[in-house]
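Readers should treat all values here as calculations from the given coordinates under stated rules, not as data from a laboratory. If you're wondering where the values come from, they're calculated on a predicted model, not measured in any experiment. Quick reminder, even Gly has a Cβ in these numbers, built from the backbone with ideal geometry, and neighbours come from all protein chains shown.
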Amino acid sequence: MSFKNIAVVGTGYVGLVTGVALSDIGHSVTCVDIDEQKVELMQSGVSPIYEPGLSELMTKNIKAGRLSFTTKHQQAFAGADAIYIAVGTPQKEDGTADLRFIEAVADHIAEHLTHYAVVVTKSTVPVGTNDYIKSYIDKHTDVPFAVVSNPEFLREGSAVHDTFHGDRIVIGADSVVAGDLIEEINKPFGIPVFRTDIRSAEMIKYASNAFLATKISFVNEIANLCEKLNANVDDVARGMGQDKRIGNKFLNAGIGYGGSCFPKDTSALVQIAGNVEHEFTLLKAVIEVNYKQQRLLVEKAREHFGSLRGKTIAMLGLAFKPNTDDMREAASIILAQELILAGARVVAYDPIAMENARNVLPAAVDYADSAFAAIQGADTAFVVTEWDEICALTPGDFKANLKEPVVFDGRNCFNIETMKEAGLNYYSVGRPVVK
Ligand code: NAD
């Protein structure tokens, strides 16, 4: 196989991991980002994001001379066989995907392309966007190029592992030659490739995220029912998951999904459907369930205490899920806002996301140096993210340090029996309350 020259535009969770992984399998990769500070960090071998295993792999490939970073698109595109677009596609206020960063990259490509290259869209974009990118660039350059949709399925927190061990690589191409090039580039990963047309590839990404979000909201509704019917959702999910048609993944009841993908991609798909006059009733309900679920712990605490005014609440875990520093759409943001509004004091802790959290949580939130320090002297604890360090707290720790022996667990981290034995009042999601 011949190794290729690759440019990756955007070095966020997707772009940086993609660039590092492509260099690790032998390609020559130049990553370009408009954020000068980020680029300086990466040039000195430091990853600007927390992702297990990423720093080591990044340093290794910089040293091997296969990976470099720049702020200049022209430099990144020089000699590139493929240009990967991995910039953000955030949600606009009306729920649609904001394509302003994609358009800016299309402008750069039109301006600096000097030879045939394949433009590969990794970013999650609404169906039809690659056609738009193609015609947009076409209008501004005479240089030939092709566009391929290659949506990304990595999970933050295990992004490096997922890139090397994904279930499939989806390649949507209208040009066979361009699709073949992207398949060849990915060959060393040894991951099954699924080839399709561009629009179907774009849809696969949204449909996959919408389906996973549906699974989460579904099990959460079952959990809410279990609470009312005295059943235990842990056992229900286990019993369901043993059916291979259902599968045991994404059946953990809790306080809903957050992060940079599910909330925005579900909203975008509702809008995409709306644009073609299709009412996506099911997905609207999924979003509605998640909205309620993210606020669940405050409701439970209100029911228990009556008023939350003057209560100190230890908020354990802030990132939208463990092993990431990403705070985008994290339940902790909503919970902290609601608690502060209700007159409570919040003492927050997260092993990694604390710096990012300070930028998005209400200014009134206080921070502790450890999970243990957060519960010391607090009235009660909210378990928001299931980090190992947080789940390693013992029932005895809660009992000895909380002013009132009450724990509200949004991630079902603790065993009901041991919480009972320790004499705690323990509320979790879809499981019997321990009184
Ligand atoms: P991010 O916000 O973490 O990173 C985007 C990067 O692009 C930033 O560093 C920004 O400075 C840079 N950028 C913006 N405009 C640029 C330009 N004109 N030139 C060069 N760089 C530019 O985004 P992300 O989380 O990596 O997501 C990127 C895309 O991948 C999104 O469409 C997202 O939906 C999709 N996606 C994300 C994940 C995930 O878990 N984060 C998973 C699958 C797919």
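Brief remarks on what is shown
- Residue order, fewest to most beta carbons within 10 Å, for I191, I169: I191, I169
- Evaluated at q = 0.10, 0.21, 0.22 Å⁻¹, the base-10 log of the normalised Debye intensity for the range 298-435, with identical point scatterers placed on the Cα atoms, takes the values -0.27, -1.31, -1.44.
- Integer Hz, Karplus 6.51/-1.76/1.60 couplings in order for the range 114-126, x for Gly and Pro: 10, 8, 4, 8, 9, 8, 10, 8, 8, 4, 7, 10, x
- For the range 253-260, Karplus couplings with θ = phi - 60° (6.51, -1.76, 1.60), whole Hz, Gly/Pro x: 5, x, 9, x, 9, x, x, 8
- Cα Rg over Rh - the range 23-92, Kirkwood: 0.97
- Normalised per residue, the volume of the convex hull around the Cα set of the range 149-279 (Å³): 137
- Fluctuation leader among F320, F77, F250 - the chain, Gaussian network, Cα springs under 10 angstrom: F250
- Packing rank of 176-184, 24-32, where each peptide gets the mean count of other beta carbons within 10 Å, highest leading: 24-32, 176-184
- Vicinal HN-Hα couplings computed from phi for the range 358-367 (Karplus, 6.51 cos²θ - 1.76 cosθ + 1.60; Hz; Gly/Pro x): 4, 7, 10, 7, x, 4, 6, 6, 9, 10
- For the residues L16, L316, L402, a GNM of the chain with alpha-carbon springs under 10 Å puts the largest fluctuation on L402.
- Of the trypsin sites (Lys or Arg not before Pro) found in the range 354-411, the ones in coil according to DSSP and having at most 13 other Cβ atoms within 10 Å of their Cβ are K403.
- Among E93, E386, E40, the residue with the largest mean-square fluctuation in a Gaussian network model of the chain, with springs joining Cα atoms closer than 10 Å, is E93.
- Residues with amide H under 5 Å from that of C31, placed H, sequence gap 5 or more: V8, S68, F69, T70
- Rh by Kirkwood over Cα pairs, then Stokes-Einstein D for the chain at 1.306 mPa s and 10 °C, µm²/s: 68
- Its residue count N sets the reference 2.2 N^0.38 Å, and the alpha-carbon radius of gyration of the range 181-237 equals 1.83 times that reference.
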